[in-house]
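Everything below concerns the one structure shown next.
The values are calculated or read from the model by the stated rules, or taken from the named source; none is laboratory data. Not measured: the values here are computed from a predicted model. No Cβ is skipped: glycine too gets one built from the backbone with ideal geometry, and neighbour counts run over all protein chains shown.
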Amino acid sequence: MRLLPLAAPALLAALFATPAPVAAQTLTPVSQSLPPAALDCVRDTAPAAVRARIADSATAEDDAVFDAAQAELVPLIAACTTRFAVPEEKRDVYAVFGTSSVLLPELADRLRTAGLDPLIADRASGAGPSAEPALSEEAVKAMITRVVDAYEQASPGKLDEKHAALLGLYIGNLASYWALRSVLAKETVA
């Protein structure tokens, strides 16, 4: 399973008992906030086929699949960066966020197709626009527990290994999406 660089690796490590590739990261806001249109630009301009390939690449074990999908997204990220004059110091975070913003709704659709309501994860996770970014290992473990408990209450026995992998990817991306969006939307002095 392919993870975005800031996609809460501790979450997936806890969920699948695999070692975390990177420690949970602290994100620091930089000087200029980005408007909502800039935050939604990559997601809103990515064609459906590109969005689907990004989602496919997130679970691919072949680096070539991931690299090819990312290569399709890079020009869209660059166009949005230019269109909204994303400051140099925010471009790396914006690029990761752009991928996350494309991936999140695609994963939500796949959860729905699998018979799992993504709103259960959204509500139970505690992630969102007014929440503090939750990328610490403790916060992510608590998020996993809340989400798994919520699904078990809503649909006992439905969360098998196949669904857990998809849900784990969704939860990791959900945490990453809101943490990155929070950083990009805040205006602080660097």
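Looking at region 41-51, which of the residues that are of a type in the set (A, V, I, L, M, F, W, C) and more than 15 Å from the chain's Cα centre (by Cα) is nearest to R91 (Cα to Cα)?
Only one residue fits best here, namely C41.
Among the residues of region 120-138, count how many are out of contact with any Lys or Arg (no Cβ under 7 Å at 6 or more places or on another chain), part of a helix (DSSP H, G or I) and in contact (Cβ under 8 Å) with a residue 12 or more places away in the chain.
Final tally of qualifying residues: 5.
For region 94-119, name all the residues that are under 18 Å from A179 (Cβ atoms) and without any contact (Cβ under 8 Å) to a residue 24 or more places away in the chain.
Once the filter is applied, which keeps residues that are under 18 Å from A179 (Cβ atoms) and without any contact (Cβ under 8 Å) to a residue 24 or more places away in the chain, region 94-119 yields only A95.
Report, ordered by the first and then the second residue, all pairs with beta carbons closer than 6 Å, sequence separation of six or more or different chains, a first member in region 145-162 that is in contact (Cβ under 8 Å) with a residue 40 or more places away in the chain, and a second member that is in a helix (DSSP H, G or I) and among the aromatic types (F, W, Y).
Pairs found: L159/Y151.
Filter region 66-109 for residues that are of a type in the set (V, I, T) and farther than 15 Å from L169 by Cβ; which is surrounded by the fewest Cβ atoms within 10 Å (Cβ to Cβ)?
Ranking the candidates gives T82 first.
Search region 149-190 for residues being assigned to a helix (DSSP H, G or I) and over 22 Å from P105 (Cβ atoms), and hand back the single one that is modelled with the lowest pLDDT.
The extreme case among them is E161.
Of all residues in region 100-133, which are β-branched (V, I, T) and at pLDDT below 95?
Hits for region 100-133 are T113, I120.
Filter region 39-93 for residues that are free of Cβ contacts under 8 Å to residues at least 24 places away in the same chain, closer than 24 Å to A179 by Cα and not in a helix (DSSP H, G or I) and give the result.
A85
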